[in-house]
Each structure stands twice: as structure tokens, then as C-alpha cells.
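Visitor: Here's a structure for you.
The values are calculated or read from the model by the stated rules, or taken from the named source; none is laboratory data. Quantities reported herein were computed from a predicted structural model and do not represent experimental measurements. Counting neighbours? That spans all protein chains shown, and the Cβs are built from the backbone with ideal geometry, glycine included. Only protein heavy atoms, including side chains, enter the accessible area calculation; ligands, DNA and RNA are left aside. Shrake-Rupley method; radii C 1.70, N 1.55, O 1.52, S 1.80 Å.
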Amino acid sequence: MNQYETVFILTPVLSDVQMKEAVEKFKGLLQKEGAEIINEENWGLKKLAYPIQKKSTGFYQLIEFNAAPAVIEKLEINFRRDERVIRFLTFKMDKYAAEYAAKRRNVKSNKKED
């Protein structure tokens, strides 16, 4: 199993409930396929660098997970089929990226405790 990180942008016209529902759909798909979710971050509504589908903002979401390579194809097919997703990027993390992500998570968890 490899470690992956996926960031996807949801359309800004969604309510909070609809946004959380979309995120749960993708997390459920990953778990159904046997992936282990390591970390999940909601980055909130952010301005896009350039308009996409005539929208200038979007809800950013990050999910880090361990999965078999076949799971990625199913995940990306679902991203493409879901009209709520306006952009996505999934990449396989090498050992250095995985170490950096772990450090970043530890720093964030330490800040939350303070």
C-alpha cells in the first residue's frame, strides 16, 4: 500500500451540510475500498487563482490516506462524475513527503493543544 494525498475543490454554492456530505461520500468510498485515512483537513472557502466554471472561490479539502494503486482510479472516476467537484489532484507521497506531512500534522496538533 502506498501513501497518497488528495486535494479537491468543491463548488462554492454548496451549503455546509452539502459540503460535508460530499466529503463523507469520498471518505466512505476510500474506506469501502480498503484505504486507511490518515489525516483530513478542511481548508474552508478560499479564493481561486483563476476562475473555474465561472466561479472565483471554492471549498478546499485535503485527505491523506494509505491505499492500493487501484483505489486511485476509482476515486478519480468518482471525482469526475460528481458535479460538486470542480478540481482535484491526487499524488503518491514519497518517504520525504510522508515525513513532512507527519511533522506538519504534529505541529498542528500541538498548536490546537495550546
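Visitor: Are any residues in the stretch 58-78 surrounded by 15 or more Cβ atoms within 10 Å (Cβ to Cβ) and in contact (Cβ under 8 Å) with a residue 60 or more places away in the chain, and if so, which ones?
Guide: Once the filter is applied, which keeps residues that are surrounded by 15 or more Cβ atoms within 10 Å (Cβ to Cβ) and in contact (Cβ under 8 Å) with a residue 60 or more places away in the chain, the stretch 58-78 yields 64, 65, 66, 67, 72, 75.
Visitor: Is the stretch 79-95 home to any residue that is touching a residue at least 12 places away in the same chain (Cβ under 8 Å), within 20 Å of residue 4 (Cβ to Cβ) and in a helix (DSSP H, G or I)?
Guide: yes
Visitor: Between residues in the stretch 17-46 that are free of Cβ contacts under 8 Å to residues at least 12 places away in the same chain and residues that are assigned to a strand (DSSP E or B), which pairs lie under 8 Å by C-beta distance while being six or more apart or on different chains?
Guide: What qualifies is 31/37.
Visitor: For the stretch 98-108, check the following and say yes or no: at least one residue is touching a helix residue (DSSP H, G or I) at 6+ places or on another chain (Cβ under 8 Å) and open to solvent by 30 Å² or more (accessible area, probe 1.4 Å).
Guide: Step one: filter the stretch 98-108 for residues touching a helix residue (DSSP H, G or I) at 6+ places or on another chain (Cβ under 8 Å), giving none.
Scanning the stretch 98-108, I find no residue that is touching a helix residue (DSSP H, G or I) at 6+ places or on another chain (Cβ under 8 Å) and open to solvent by 30 Å² or more (accessible area, probe 1.4 Å), so the answer is no.
Visitor: Related question: Go through the stretch 1-33 and give me each residue that's of a type outside the set (Val, Ile, Thr), open to solvent by 80 Å² or more (accessible area, probe 1.4 Å) and in a loop (DSSP other than H, G, I, E, B).
Guide: 1
Visitor: For the stretch 35-57, give me each residue that is open to solvent by less than 50 Å² (accessible area, probe 1.4 Å) and over 25 Å from residue 106 (Cα atoms). So that I can check it myself, show each step before the final result.
Guide: Step one: of the stretch 35-57, the residues open to solvent by less than 50 Å² (accessible area, probe 1.4 Å) are 35, 37, 39, 41, 44, 48, 52, 57.
The answer is 48, 52, 57.
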